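Asks: The following block contains the structure, expressed as structure tokens.
The values are calculated or read from the model by the stated rules, or taken from the named source; none is laboratory data. Note that the structure is a prediction, hence the values are computed from the model and not measured. As a convention, Cβ positions derive from the backbone with ideal geometry for all residues, glycine included, and neighbour counts pool all protein chains shown. Surface areas here come from the heavy atoms of the whole protein model, side chains and all, with no ligands, DNA or RNA. Shrake-Rupley method; radii C 1.70, N 1.55, O 1.52, S 1.80 Å.
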Amino acid sequence: MATEDKKNGTAENVPETPKKKQYVQFYPGPIVRETGIDGLKLDFNYGVRLQVPKGNYHVRFTDLDTSTILYDADASEAIVTSTKKYYIHFLVEVWKDAQLIYTHKLDLAGKNVHIHYPVGTLGDIMAWFPYAEEFRRKHKCEVYCSMAEELAGLFKPAYPKIHFIKPDTTPPDSYATYYMGIFFPANDRIHQPTDFRVIDLQLNIPYILGLEVKERRPVLTPDKPRQIKEPYVCIATQATSQAKYWNNPRGWIETIDYLKQRGYRVLCIDKEKCHGYGRHWNTIPYGAEDFTGDIPLQERVNLLAYADFFVGLSSGLAWMAWGSAIPVVMISGFTLPYNEFHTPYRVINFHVCNGCWTDSSEEFVHADFAWCPRHENTEREFECTRYISSGQVCQTIERLMQEHKLDPKRNLLERNKK
């Protein structure tokens, strides 16, 4: 930073004071669970939380899985909490006047456990939800998931043993709460034990919940029979950041033309017909049938479930297509293939700049719709997808059709005969 000396007309270089990183915080409410000892209360609703009355007390927290003592100090008339807010197999010990008076091991069996999901996001919830059911099975607990009601409605048919509650509500007599997310800045080790940029968007959650780290597909089911007679595919072309778009200006037009030649109807199922910010605006591609609009997500599932396959970006509708158990062609350059669910039909061009989202030296800026950290405002801006050709995408589609034995023209003739 340069400061000007107005008297002498010179500039002096003064180092900027680095901004302190701000980490998200949650408020789970007061501690109300009694321990049986007067004034001593305990829960695990934001890490371990122990309310200690006035007196000569000593508190110790231990991680039983690693045999690590996390806290070991005197306390009086205070609330003692762990720094880490994700799942840890805690042992809590309390002494009074040098005598051990209370011990408690985290035991979720039969308890009410709150798994808290953010609102305002689609793909993230699709990615993260399956681990709630795995957590319930592992610990034999009553799992309450707070999330947007429309998303809860998608999951209820396939997950009948999960309790769904509205956002910003808590289950009765909550014993423990775990907060789902990828937390910024990415070096937040309060809410997540590792850096999500180098593991996988989905796999951050089993790390948070202490589960086996492996990919899990969400289960989404249609609630209506097939409505469209002709063979069709679904596409989604919109996203929340320009880096996610397929920035080849002819990519979608040529791919849609190819799909039509192969005998498909091409349905664009984005919410927005036109979306963008500043100098970047993106519209439904020419040639696609307009199925955009603010319609119920269940209707999207009903379309996806009967499509031959889906073509889209690293965005929420791709995760929804995966959950609907259809093949997914994913076009992405700003993420590396490990970041999303595995699909054999992933399209990326490694000959140009790629992988900025999954680069641990880069921090994503949510407020910058035009985020392109290496080449913004240069001729190389968004080259990661500008250099993905329609030919590369169509070759991938052709391989998918061969492997799944898809022949839309023949299938249409067979349906017409029926």
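Asks: Restricting the first residue to segment 106-131 and requiring it to be on the phi > 0 side of the Ramachandran plot and assigned to a loop (DSSP other than H, G, I, E, B), which pairs with a second residue that is open to solvent by 10 Å² or more (accessible area, probe 1.4 Å) and small (Gly, Ala, Ser) meet a Cβ separation below 7 Å and a spacing of at least six or different chains?
Replies: none
Asks: Applying the selection to segment 176-199, what residues are of a type in the set (Gly, Ala, Ser) and either in contact with a Phe, Trp or Tyr (Cβ under 6 Å, 6 or more places away or on another chain) or closer than 15 Å to residue 83 by Cβ (or both)?
Replies: 176
Asks: Something else about it: For residues that are among the charged types (D, E, K, R) and under 21 Å from the mean Cα position of the chain (by Cα), scanning just segment 216-247, find the one that is nearest to residue 409 (Cα to Cα).
Replies: Top of the filtered list is 217.
Asks: Return the total of residues in segment 304-330 being outside any loop (DSSP other than H, G, I, E, B), in contact with a strand residue (DSSP E or B) (Cβ under 7 Å, 6 or more places away or on another chain) and open to solvent by 20 Å² or more (accessible area, probe 1.4 Å).
Replies: Going through segment 304-330 one residue at a time, the tally reaches 0.
Asks: For segment 255-271, does any single residue satisfy the condition of being open to solvent by 80 Å² or more (accessible area, probe 1.4 Å), under 25 Å from the mean Cα position of the chain (by Cα) and at pLDDT 95 or above?
Replies: yes
Asks: While we're on this one: Within segment 56-84, restricting attention to residues that are of a type in the set (A, V, I, L, M) and crowded, with 17+ Cβ neighbours inside 10 Å, which residue is farthest from residue 107 (Cα to Cα)?
Replies: Among those that are of a type in the set (A, V, I, L, M) and crowded, with 17+ Cβ neighbours inside 10 Å, it is 75.
Asks: Name the strands (runs of 3 or more DSSP E) wholly within segment 138-190 that hold at least 1 residues that are among the aromatic types (Phe, Trp, Tyr) and open to solvent by less than 10 Å² (accessible area, probe 1.4 Å)?
Replies: Answer list for segment 138-190: 174-179.
Asks: Looking only at segment 331-382, filter to residues that are over 30 Å from residue 22 (Cα atoms) and touching a Leu at 6+ places or on another chain (Cβ under 7 Å); which one of those is surrounded by the fewest Cβ atoms within 10 Å (Cβ to Cβ)?
Replies: Going through the qualifying residues, I end up with 345.
Asks: Out of the residues in segment 1-44 that are exposed (fewer than 10 other Cβ atoms within 10 Å of the Cβ) and modelled with pLDDT of 65 or more, which is farthest from residue 80 (Cα to Cα)?
Replies: 20
Asks: Right, something else. In segment 88-131, which residue that is over 18 Å from the mean Cα position of the chain (by Cα) and under 30 Å from residue 153 (Cβ atoms) is surrounded by the fewest Cβ atoms within 10 Å (Cβ to Cβ)?
Replies: Here the residue is 109.
Asks: In addition: May I ask you to say which residue of 350, 369 is out of contact with any Pro (no Cβ under 9 Å at 6 or more places or on another chain), outside any strand (DSSP E or B) and without any contact (Cβ under 8 Å) to a residue 12 or more places away in the chain?
Replies: Selected residue: 350, the only one of 350, 369 that is out of contact with any Pro (no Cβ under 9 Å at 6 or more places or on another chain), outside any strand (DSSP E or B) and without any contact (Cβ under 8 Å) to a residue 12 or more places away in the chain.
Asks: Can you tell me which residue within segment 46-55, out of those that are open to solvent by 10 Å² or more (accessible area, probe 1.4 Å) and in a strand (DSSP E or B), is nearest to residue 113 (Cα to Cα)?
Replies: The selected residue is 49.
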